[in-house]
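Asks: I am attaching a structure below and will ask some questions about it afterwards.
The values are calculated or read from the model by the stated rules, or taken from the named source; none is laboratory data. Keep in mind the model is a prediction, meaning the values are calculated, not measured. Neighbour counts are summed over all protein chains in view; Cβ atoms, including those assigned to glycine, are modelled from backbone coordinates with ideal geometry. Side chains are part of the model used for accessible areas, which takes the heavy atoms of the whole protein and leaves out ligands, DNA and RNA. Shrake-Rupley method; radii C 1.70, N 1.55, O 1.52, S 1.80 Å.
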Amino acid sequence: MNEDHVKTEIPKEQIDYRKLDKYIESLRPEQNFNLAVIAGIAATLIGAIAWAVITVATEYQIGFMAVGVGLIVGFTIREAGKGIDKKFGILGASLALLGCLLGNFLSMVGFISAYVEMSYFETLISMDYSLLPELFAESFSVIDILFYGIALSEGYKFAFRKITDEEILKHAKREEPQPLENETSAEEIALEPETLPLQNKIQK
């Protein structure tokens with residue numbers, strides 16, 4: 001069982017894990033990895049562009065934008081792909097990191113465009129891409145490692161289909177053992193020695 005998509009508050013003793021595994025297996029045909037890739041890439045681009053627009057408008061590099069990118073990418077892949085396999089989490093983490101790097105890059109293009117007084121697309125076409133490593137190094141800070149790490153984590157864990165408590169209770173609730181109809185109760189067993197003399201008297 002992949003615990004990345006099964007988070008529940010239901011006590012373990014109430015869950016039949018064999019039934020839960022069987023239910024999860026029944027969901028595999030609903031997975032759509034190709035759609036998850038397409039939707040994930042679209043979410044990556046949207047997140048990166050939003051990062052760049054906000055950063056250039058505020059003229060401030062906001063590290064926690066990476067967290068937003070991770071959330072957008074992860075949830076989009078979850079809704080589009082309905083995935084339960086590990087590859088959906090790997091896709092989410094990879095695209096979240098790509099979105100962070102792309103957002104940072106588009107922000108730098110925006111700042112350069114304003115500095116050289118050229119249009120954004122002219123700057124994008126004419127800039128010297130051999131300087132990218134140097135530009136990334138100058139704009140990168142230690143705190144960015146933390147935010148990028150959070151983005152990777154969110155992109156991974158939110159990319160999986162979530163199995164709800166309602167689904168678990170419906171498909172994988174542990175059934176209480178039912179007592180046998182002809183099973184003698186403890187009270188009946190306790191009374192048996194006392195009833196024997198009475199039965200003997202009746203027979204006599």
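Asks: Taking into account only those residues within region 60-80 that are in a loop (DSSP other than H, G, I, E, B), in contact (Cβ under 8 Å) with a residue 24 or more places away in the chain and open to solvent by 30 Å² or more (accessible area, probe 1.4 Å), which is farthest from V109 (Cα to Cα)?
Replies: Here the residue is F64.
Asks: Somewhere in region 32-39, is a residue farther than 30 Å from R174 by Cα, of a type in the set (F, W, Y) and free of Cβ contacts under 8 Å to residues at least 24 places away in the same chain?
Replies: Within region 32-39, not a single residue is farther than 30 Å from R174 by Cα, of a type in the set (F, W, Y) and free of Cβ contacts under 8 Å to residues at least 24 places away in the same chain.
Asks: Still on this model: If we scan region 12-24, do we find a residue that is out of contact with any His (no Cβ under 9 Å at 6 or more places or on another chain), at pLDDT 90 or above, open to solvent by less than 60 Å² (accessible area, probe 1.4 Å) and not hydroxyl-bearing (S, T, Y)?
Replies: The answer is no, given that none of the residues of region 12-24 is out of contact with any His (no Cβ under 9 Å at 6 or more places or on another chain), at pLDDT 90 or above, open to solvent by less than 60 Å² (accessible area, probe 1.4 Å) and not hydroxyl-bearing (S, T, Y).
Asks: If I filter region 27-40 down to residues being in a helix (DSSP H, G or I) and modelled with pLDDT of 95 or more, which single residue comes out as nearest to A151 (Cα to Cα)?
Replies: Step one: of region 27-40, the residues in a helix (DSSP H, G or I) are 27-30, 33-40.
This time we only want the ones that are modelled with pLDDT of 95 or more, so: 33-40.
Working: F33: 21, N34: 22, L35: 21, A36: 18, V37: 18, I38: 19, A39: 17, G40: 14 Å.
Filtering region 27-40 for residues that are in a helix (DSSP H, G or I) and modelled with pLDDT of 95 or more, the one nearest to A151 (Cα to Cα) comes out as G40.
Asks: Let me ask something additional. Enumerate the pairs (first residue in region 7-18 and more than 12 Å from L169 (Cα to Cα) and part of a helix (DSSP H, G or I); second residue anywhere and modelled with pLDDT under 80 and open to solvent by less than 80 Å² (accessible area, probe 1.4 Å)) with beta-carbon separation below 9 Å, excluding pairs fewer than 6 apart on the same chain, so at least 6 apart or on different chains.
Replies: Matching pairs, first to second residue: R18/A172.
Residue by residue, here is whether (1) open to solvent by 50 Å² or more (accessible area, probe 1.4 Å); (2) of a type in the set (D, E, K, R); (3) touching a Lys or Arg at 6+ places or on another chain (Cβ under 8 Å) holds:
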{"residue": "A48", "(1), (2), (3)": "no, no, no"}
{"residue": "A57", "(1), (2), (3)": "yes, no, no"}
{"residue": "K82", "(1), (2), (3)": "yes, yes, yes"}
{"residue": "K87", "(1), (2), (3)": "yes, yes, no"}
{"residue": "A96", "(1), (2), (3)": "no, no, no"}
{"residue": "S107", "(1), (2), (3)": "no, no, no"}
{"residue": "T123", "(1), (2), (3)": "no, no, no"}
{"residue": "A151", "(1), (2), (3)": "no, no, no"}
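Asks: Right, another one. Just need a number here: residues in region 125-149 that are open to solvent by 60 Å² or more (accessible area, probe 1.4 Å) and in a loop (DSSP other than H, G, I, E, B).
Replies: Qualifying residue count, region 125-149: 2.
Asks: Restricting to region 109-121, name every residue that is assigned to a helix (DSSP H, G or I) and either surrounded by fewer than 16 Cβ atoms within 10 Å (Cβ to Cβ) or touching a Phe, Trp or Tyr at 6+ places or on another chain (Cβ under 6 Å) (or both).
Replies: S113, A114, Y115, V116, Y120, F121 - these are the residues of region 109-121 that are assigned to a helix (DSSP H, G or I) and either surrounded by fewer than 16 Cβ atoms within 10 Å (Cβ to Cβ) or touching a Phe, Trp or Tyr at 6+ places or on another chain (Cβ under 6 Å) (or both).
Asks: Being of a type outside the set (S, T, Y), in contact with a Gly (Cβ under 7 Å, 6 or more places away or on another chain) and at pLDDT 90 or above is true for just one of A43, A96. Which residue is that?
Replies: Result: A96 is the single residue among A43, A96 that is of a type outside the set (S, T, Y), in contact with a Gly (Cβ under 7 Å, 6 or more places away or on another chain) and at pLDDT 90 or above.
Asks: Test of understanding: among Y120, Y129, which residue is under 19 Å from T58 (Cβ atoms) and at pLDDT below 90?
Replies: Answer to the check: Y120.
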